[in-house]
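These notes are about the structure you will find just below.
What follows draws every value from the coordinates through simple rules; no lab data is involved. Predicted model only: the values in this text are computed from it and were never measured. Positions of Cβ are generated from backbone atoms using ideal geometry, with glycine treated the same way; all protein chains shown enter the neighbour counts.
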């Protein structure tokens, strides 16, 4: 049995590099040799035991690689082809997918919907922080990478970029909108970029770290607010002459930022939430207009599937957006435990790490 | 100075019938002689002092009547014409109106948006529980009543019907959807009707009062749940084979019903909130999918304006919906204090009262 | 080799019942024993040679039946289960499907889109006017039929009902809209029903045949116009006080009806086209407002897939719509050539025929 | 009676500068002293007699100026304030306006809709190629110009920019779309800019004039096609690997470009039409998929109103778009006949002229 290296969840507090068999594949699967992958904030939640997964599971949901082998029923690809796949891998055929919501794919359930069901890599099946990964429903998920793009250029497509842009897209941003984005971690930075790409003409980026606000400007922020220095709610109301913003994007997952979003929205505005929360949220009565302010609160889970990846890569290819500044550190797969240590503790100004098996 | 009778807010706990001057009108206004009006749940909040208005203000925001006099700049109407106007009276020219959100009309503010700003009758200007009412921005708001419709037939259009149907419309209900409506007071009943009108094929009505559930069936409910007897969340999940509903409509304004809505939603579902809340709301983490379930929470304030009234009256005229069962009691304006007493204490199975000056 | 009866296209003018092998199935397919099917207007185009298909192809795209055999990779079904499938059978995994447009499925093409590519039964693969039919991509397409519904009750779901309702849905009909539907053949009747289901409050049905207008009333038409007796354009303008309609639906496929739709639209209105045209169309300058009237012209190909079928069957089950009046004649498969003769010549007031193998 | 200079339509072939009285204003109007205006392609149609207007009418619908006087009922502005107003001046209160379609404003008609009814300046009332212009429904239409923007920077907002961007917005362009824009006159150039602002990642500009294609690149085109040298349909299909474009924008008003749009659309694509046509249009059967290709054809008339102007000026202010390259020539109002001559004959590479009274 051929073996490979893989980053495996052992128990809360421990993700370690182990030897595992190279995955077998079924008729609809593909085996992809991973050439680049990364670590996500969600993986840190898994590491800490805050998000439960099975012991022994290979972690990681952001694959870039080369097709090693195709299942017997897979058409339209060739071995050796450079590909990526989304963090979310919709089946294509569930009721959720056929309703345009593959992230909540319930393939195999009686009714075809399952919360977060489209998220399989490193959650319900082995992930891609490994030398090889099995991609399920390959025909719905494998997206060919254009030759002119490097691995690192497309490394954010599977999750960070899809999620961040998705938050802007769900909000229905219109040309001329004013948008505030709370928190400029990797997803918030992509939400900032997404707001600009969608036609917002005043994008206000908020964070506590000056370095992130600098990158936010590169991503399209017109104005930046360092929330360690000023109250961002007051500052946004001041900057908008008391009007508030059309759209506020939450990209951190805390009550404070969720609430700040509500406080800066104009009546009729939209709160687009991307954060992963760890407790109940409170909606304050006043900013909610007691239920009468024509507000919308939306949440978006990373959209996946090959068509999504194709679109995101076209953004990169067009030069509209350059996400390379977000890859701040690089590690070999052999050193992934060091990468977890650095990323988990947010040391050294890390934004995203590239891991190469 | 010609005088009239009007129901006036004196102080918390007291709305009394007083003599007041018949209103003067400006160039863009109309004076309407009220022939039928009603009392709204919001008026009870005002009565109790829970929603503050100026002392001396005439209450009431649901006018049906006859044009007595037109302002010098008003075109397209004639004196003696039967008309209604929405509870919300958009100016038409504010930035909020020009953005399609007249309920948050900020006409006169620097930026053109104001929370609830479109609600003027019985809130920021004198209302229509009186013999006469001044209708501002008459050309945007006066809607001619078709001859074949009686006053009582259109009495729900200004608020209850516009709000209830609005909750269904905002939710983007599609043909084949399953919709749960929590609480079957007047607005909930109209939301139930709105869900059916929008193409929902399983409409589930929830209330604690058997009589209201009977009316809910008349309004279009396919299934009814008496929440004083069974847990509506468990029952809805059972009825939907664990799938949950596509849309849940909150029509009461309580944490319990808001939360129940979240608990019965499928992933990717929509909570359409119509209730007026009186405290902070909590979003429970699990039903919210920790922010990852692709949910939408929307609030809708009663849409107003003459085009809205025209559309709603066409619903009545088409026979698609008959709201007469909702008018359970009738009073002369002279007896409006008794009507407040009955309606405020929800005695005698009251749903809505018709008040005729 | 087990054999079956099948209606086969031999050459223009000849569709005949022949013996053919029962289809083999692949890992993702299902074999369905057909219990009821029907003939579509499109099949008559094929018969006449107006729409080209391969000689020897089994015709028919509206299957109701029982699962005889499941492919090795198919999960979530059992043999013996009653099922239907749409006329359009999306793969689920093409770029078109992942974009929510399975009717233009280009599974297998380089870019994932192909005009009409989702229409396979009786077009690019063998259809269901036969004892057995192979259903491709079974997991995306097989929809279980609720026990309480008969074959005939769901027989319109695969095509006629999906197309007709689809024309109303694409148009974005809103509560209170006025809608005109030109031609009340089977698809037009379903469009009439779809307009009512979507909240239109004045549905105007147009046809030249009095009997069809009677059925149109059953399907939800508020007003009917016999275009063999009056000019429908003038009549609609009269009925709407010169305002025109919000939405006009074309359900015949002729220049005359297409043009009449444009002539009755209000500025800002929507023409939803369902017809299959056989020549170039002309857009008259005046009704088109020289390009300045904020009009929309939309075409809709029958939506397919199991989720669509589930929704449509829920409409039937809810009692919102009863399509049984549309099944006017019944034939055994052995007599399908007679059925083609009757249906092709539109004799005896035929609307739809039920064919039972 | 105070007099002013104004460009007046005398008869087909003659627009001349004449002395006219400075307009009187009513209670809802404003008198604006024009500081900069321009000539539109539509004005040339008027000049040639192709679009009929009343003799003696002042031409021009793109005003930039200073408030000279406010009507008695106008609030929220001050005399001396720099303002602009859209080419389309919605009343705000018609049924069309309250339906979000002010361009088809039928204020004063029985039903509230009138084709092109929102276009009043230089069409149904005196326009702004004059020293002064009366702005009707001033509160819905006057938009304050930010101090940091010059007259010329906002000169395209009233018509060209609003129309061009509107064509992109109506089409519902999504991040990652491929968009072709046929013809790069002033409106086409703005449509090109609008496509990029909306998130399209491959914008293909087509024109016959090399100089316009150069400006198209400045406006956001990724690829340009000189249709005097290559067949643009073949070239676009080649560039998209046979896939076609998601959206095609027609910005010329000819059968050839309209048809080319259809020929380059993918199934399920959108044709957004901005051109003013002068004859019937033909829809070719094949590219239209015989009505089965899930296509959309939309037309957009320039959106107006102060909120629209505010949004467009925010685009300029944000630096997302610089339209100064489009102002190629400048004239005094006294020389406007020369400007008509130059612009009408498209001499000297003219795109837009600035006229200063």
(request) Between copies, how far apart are the residue D:124 label points? List them in nm, one decimal, shortest first, with each point 7 Å from Cα toward Cβ, please? (result) 3.0, 5.0, 5.9
(message) If I take every Cα pair under 8 Å that is 6 or more residues apart in chain D, average their sequence separation and divide by the length, what percent do I get for the relative contact order?
(response) 17
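Averaged over A:281-288, how many beta carbons belonging to a partner chain fall within 10 Å of each residue's beta carbon? Each step should come with its number before you reach the end.
Details: counts 8, 4, 8, 3, 5, 2, 2, 6.
Partner-chain Cβ atoms within 10 Å, mean over residues of A:281-288: 5.
What does the C-alpha gyration tensor say about the overall shape of segment D:162-299? Classify as rounded when a/c is under 1.5, otherwise prolate if a/b is larger than b/c, or oblate.
Details: a/c = 1.29, a/b = 1.24, b/c = 1.04.
Cα axes put segment D:162-299 in the rounded bin.
In the protein assembly as shown, what % of DSSP beta bridges are antiparallel (nearest 5)?
Numbers: 128 of 240 bridges.
Here the share of antiparallel DSSP bridges comes out near 55 percent.
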(message) Angle check, please: helix A:255-264 long axis (alpha carbons) against the longest principal axis of chain A (alpha carbons), in degrees 0 to 90, nearest 10.
(response) 50
(request) Can you grab the distance from the C-alpha centre of segment D:118-157 to the C-alpha centre of segment C:155-221, Å, no decimals? (result) 45
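For the protein assembly as shown, just say rounded, prolate or oblate: build the C-alpha gyration tensor, square-root its eigenvalues into a ≥ b ≥ c, call rounded for a/c under 1.5, and beyond that prolate if a/b exceeds b/c, oblate if not.
rounded
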(message) Please report, for residue A:24, the nm distances (one decimal) from its label point, 7 Å out from Cα along the beta-carbon direction, to the equivalent points in the remaining copies, shortest first.
(response) 2.5, 9.1, 9.3
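Find the relative contact order for segment B:43-121 and round it to a whole percent, using C-alpha pairs within less than 8 Å whose residues are 6+ positions apart. Show your work: numbers first, answer last.
On the way: 120 pairs, mean separation 16.6, N = 79.
Over segment B:43-121, the number comes to 21 percent.
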(request) Subtract the Cα-Cα distance of residue C:48 and residue C:346 from 0.36 nm times their separation in residues, and report this length gain in nm to one decimal. (result) 105.9 nm
(message) Over chain D, with a Gaussian network built from C-alpha contacts below 10 Å, which listed residue (D:60, D:108, D:71) shows the highest mean-square fluctuation?
(response) D:108
(request) For residue B:48, place a label point 7 Å out from Cα along the Cα→Cβ vector, do the same in each other copy, and report the separations in nm, one decimal, smallest first. (result) 4.2, 6.9, 7.0
(request) Given the options A:178, A:192, A:84, state which has the largest fluctuation in a GNM of chain A using a 10 Å cut-off (strictly under) for Cα springs. (result) A:178
(request) Treating the angle as unsigned and between 0 and 90°, give the value, to the nearest 10°, between the Cα long axis of helix D:306-317 and the longest Cα principal axis of chain D. (result) 70
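Mind checking D:240-250 for the average number of partner chain beta-carbons within 10 Å of each residue's beta-carbon? Present the calculation step by step, with values, prior to reporting the outcome.
Values: counts 1, 2, 4, 7, 3, 0, 1, 0, 0, 0, 1.
That works out to 2 on average.
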(message) Starting from the 7 Å offset along Cα-to-Cβ, what nm value, one decimal, do you get for the label separation of residue A:11 and residue A:234?
(response) 4.9
(message) I want to make sure I understand the PRE zone here: with the label point 7 angstrom from the Cα of residue A:208 toward its beta carbon, which residues in segment A:262-296 have backbone N atoms less than 18 Å away?
(response) A:275-279
(message) Consider the operator that turns chain B into chain A: which B residue has a Cβ nearest its axis, and what is that gap in Å?
(response) B:297, 2
(request) Could you work out how far helix C:186-197 tilts from the main Cα principal axis of chain C, as a 0 to 90 degree angle to the nearest 10? (result) 70
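Take every Cα pair under 8 Å in segment B:164-299 that's 6+ residues apart, average their separations, divide by the length, and report that relative contact order as a whole percent. Numbers along the way, then the final one.
Values: 301 pairs, mean separation 31.8, N = 136.
RCO, segment B:164-299: 23 percent.
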(request) Express as a percent, rounded to the nearest 5, the fraction of DSSP beta bridges in segment A:161-299 (both residues included) that run antiparallel. (result) 0
(message) Applying a 10 Å radius around every beta-carbon, put B:246-258, B:18-30 in order of their mean neighbour count, most first.
(response) B:246-258, B:18-30
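Only bridges whose two residues both fall in chain D count here: according to DSSP, what percent of them are antiparallel, nearest 5? Present the calculation step by step, with values, prior to reporting the outcome.
Numbers: 29 of 57 bridges.
Close to 50 percent.
Once you order the gyration tensor axes a ≥ b ≥ c over the Cα atoms, which shape class does chain A get: rounded for a/c under 1.5, otherwise prolate or oblate by comparing a/b with b/c? Present the calculation step by step, with values, prior to reporting the outcome.
Numbers: a/c = 1.78, a/b = 1.63, b/c = 1.10.
Taking the square roots of the gyration eigenvalues as a ≥ b ≥ c, chain A is prolate.
What's the average, rounded to a whole number, of partner chain beta-carbon atoms within 10 Å of each residue's beta-carbon in D:96-106? It would help to have the intermediate numbers written out before the result.
Numbers: counts 5, 8, 15, 9, 6, 5, 4, 5, 9, 1, 3.
Other-chain Cβ atoms within 10 Å of each residue's Cβ, averaged: 6.
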